[in-house]
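What follows is a set of notes on a single structure, which appears directly below.
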Amino acid sequence: MSSPIQLKINLTEELQDLLESKASKFGVPLTQYVKHVLMKDVENEEYPVFRASEETERAAKEALDQINKAVTSRSFFKQLHNDR
């Protein structure tokens, strides 16, 4: 899950008043109401999924095939130090 971001928007006084009025009807803060409106707007949208390139898929398969050769960073740096 990605980290939340903070979004700053400028509203006219009229729009702010309208949104605050709607938020108060639900008994929630303005920010929570705006988040709700945004979520309702995109609730039926599909999150875009992109296919990896053939090169990326090949590299991933190769890495998975060689996972038994993986080393921990500690053992890597220990070996590096011992090779001096």
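A few remarks follow.
- Among the residues of the range 5-19, those that are closer than 14 Å to THR31 by Cα and outside any helix (DSSP H, G or I) comprise ILE5, GLN6, LEU7, LYS8, ILE9, ASN10, LEU11.
- Any hit, the range 48-56, residues being basic (Lys, Arg), on the phi < 0 side of the Ramachandran plot and surrounded by 10 or more Cβ atoms within 10 Å (Cβ to Cβ): no
- For the range 36-60, a tally of residues being in contact with an Asp or Glu (Cβ under 9 Å, 6 or more places away or on another chain) and aliphatic (A, V, I, L, M) returns 0.
- In a residue-by-residue description of the range 18-27, the property of being loosely packed, with under 11 Cβ neighbours inside 10 Å and either charged (D, E, K, R) or on the phi > 0 side of the Ramachandran plot (or both) applies to at least one position.
- When residues of the range 45-68 are limited to those that are aliphatic (A, V, I, L, M) and assigned to a loop (DSSP other than H, G, I, E, B), the one nearest to the chain's Cα centre (by Cα): VAL49
- Condition check for LEU64: aliphatic (A, V, I, L, M) and either surrounded by 11 or more Cβ atoms within 10 Å (Cβ to Cβ) or assigned by TED's automatic domain parsing to the domain that holds LYS22 (or both): no
The values are calculated or read from the model by the stated rules, or taken from the named source; none is laboratory data. Being a predicted model, the structure only gives us computed values, none of them experimental. We place every Cβ from the backbone using ideal geometry, glycine too, and count neighbours over all the protein chains shown.
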